[in-house]
Amino acid sequence: MVFNFRSSGWMRIVVILIWILAWQLIGDMLLSLGVSNILIATPYEVFLAFISFLQGSSGLPDVQTNVLLTIYELIFAFGIAASFGLLIGTLIGQFKIIEESFEPLVVALLAVPNFVLFPIMFLIFSIGPRSDIAFGAYLGFFPIVANTIAGYRQADTQLVTFAKSVGASRFSIFTKVILPSSVGPIVSGLKQGFSLCTIGVVGGEILAPVSGIGFLLTTSVGFFFTPQLYALIILTVLIALVGNAILSLIERKFSY
């Protein structure tokens with residue numbers, strides 16, 4: 001078997017390994033110069049922190065339970081954001097009267113600073129997973145709506161006109177012409193929405209630290225558990241990357 005080391009996959013692996021090596025060398029150098037280990041954690045220490053999560057010896061409360069809770073909240077939040085985002089984006093993109101009625105409202109809500117609304121989530125849903133899910137869904141909703149609308153609007157008008165001229169129904173035109181050509185922008189919106197759902201859920205857990213990865217992050221800061229802090233940040237990034245990778249697979253499957 002011949003490996004193509006110029007392929008993007010191998011290049012990513014090489015870049016990651018170089019980055020980890022540089023992080024280890026710079027971290028060791030700074031520690032040897034007297035920089036406090038409260039500020040710095042090397043990759044080896046972060047790896048040991050991951051092992052301690054699995055063994056339950058990290059010093060943090062119920063790590064596995066809290067991580068699973070965040071994943072559950074994220075899936076729930078993204079499900080809500082995607083369902084309503086795709087539905088409303090489709091309605092706005094396909095029906096002129098709905099576009100004229102709802103698009104100004106969507107634009108107005110986009111102008112509101114996101115975290116200003118988090119106290120309202122507290123009042124409505126109380127502190128805990130429900131408010132985290134609601135905030136994550138709220139953040140993820142808007143890019144999904146915007147990209148869904150943009151995807152439908154970029155459909156090939158000549159194909160749409162031809163389909164109408166041969167007597168295709170509105171439903172057939174939507175499913176056979178408009179929707180397939182819109183997969184790229186729609187999945188792009190879903191990716192952005194998933195990333196913002198992650199920010200919303202974990203951000204909510206940090207603002208009201210009672211459970212989840214956000215709670216573990218604030219606890220790590222409070223007890224100066226620096227390796228655990230870095231490990232939790234990397235774990236959050238990995239969760240977001242896995243979600244985006246799944247959406248990329250869906251995009252490749254349905255694009256043409």
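Numbers at a glance
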{"quantity": "Chymotrypsin sites (Phe, Trp or Tyr not before Pro) lying in DSSP loop within region 171-226, provided at most 15 other Cβ fall within 10 Å", "calculated": "Phe223, Phe224"}
{"quantity": "Extension gain, Arg12 back to Phe102 (0.36 nm per residue minus Cα-Cα distance, nm)", "calculated": "28.2 nm"}
{"quantity": "Residue-by-residue Karplus 3J(HN,Hα) for region 88-100, coefficients 6.51, -1.76, 1.60, Hz, glycine and proline x", "calculated": "5, x, 5, 5, 5, x, 10, 10, 4, 5, 6, 4, 5"}
{"quantity": "Nearest-ten-degree value, helix 8-32 long axis tilted from longest Cα axis of the chain", "calculated": "30 degrees"}
{"quantity": "Additional length obtainable on full extension of the chain from Phe95 to Ser248, 0.36 nm per residue less Cα span", "calculated": "52.2 nm"}
{"quantity": "Size of charge dipole - the chain - debye, nearest 20, with Cβ of Lys, Arg +1 and Asp, Glu -1, no other charges", "calculated": "880 debye"}
{"quantity": "Nearest 10 degrees, 0 to 90: helix 43-55 Cα axis against the chain principal axis", "calculated": "80 degrees"}
{"quantity": "Counted charge near Ile88, where neighbours are those whose Cβ lies closer than 13 Å (Asp, Glu -1; Lys, Arg +1)", "calculated": "-2"}
{"quantity": "In the chain, lysine pairs closer than 24 Å at Cα, eight or more apart or cross-chain", "calculated": "6"}
{"quantity": "Estimated 222 nm signal from helices in the chain, with DSSP H stretches of n ≥ 4 weighted -39500 (n - 2.57), rounded to 500", "calculated": "-26000 deg cm²/dmol"}
{"quantity": "Given charges at Cβ of Lys, Arg, Asp, Glu: the chain dipole, positive-most of Ile38, Ile186, Tyr152", "calculated": "Tyr152"}
{"quantity": "Farthest positive-ward along region 61-254 dipole, Cα basis, beta-carbon charges - from Leu217, Ile80, Tyr230", "calculated": "Ile80"}
{"quantity": "Principal-axis tilt of helix 183-207 within the chain, Cα atoms, nearest 10 degrees", "calculated": "40 degrees"}
{"quantity": "Cβ-based net charge around Thr70, under 11 Å, with every Lys or Arg adding one and every Asp or Glu removing one", "calculated": "-3"}
{"quantity": "The chain: C-alpha gyration tensor shape, a/c 1.5 cut-off, then a/b vs b/c", "calculated": "oblate"}
{"quantity": "Residue of Phe135, Phe125, Phe95 that the Gaussian network model of the chain assigns the largest fluctuation, springs spanning Cα pairs under 10 Å", "calculated": "Phe95"}
{"quantity": "For the chain, built as a Gaussian network whose Cα springs stay under 10 Å, the top-fluctuating residue of Thr161, Thr65, Thr236", "calculated": "Thr161"}
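Since every read-out is calculated from the coordinates, none of them should be taken as a lab result. Everything quoted here is computed from the prediction, not taken from an experiment. With ideal geometry, Cβ positions are generated from the backbone for all residues, glycine too; neighbour counts draw on all protein chains shown.
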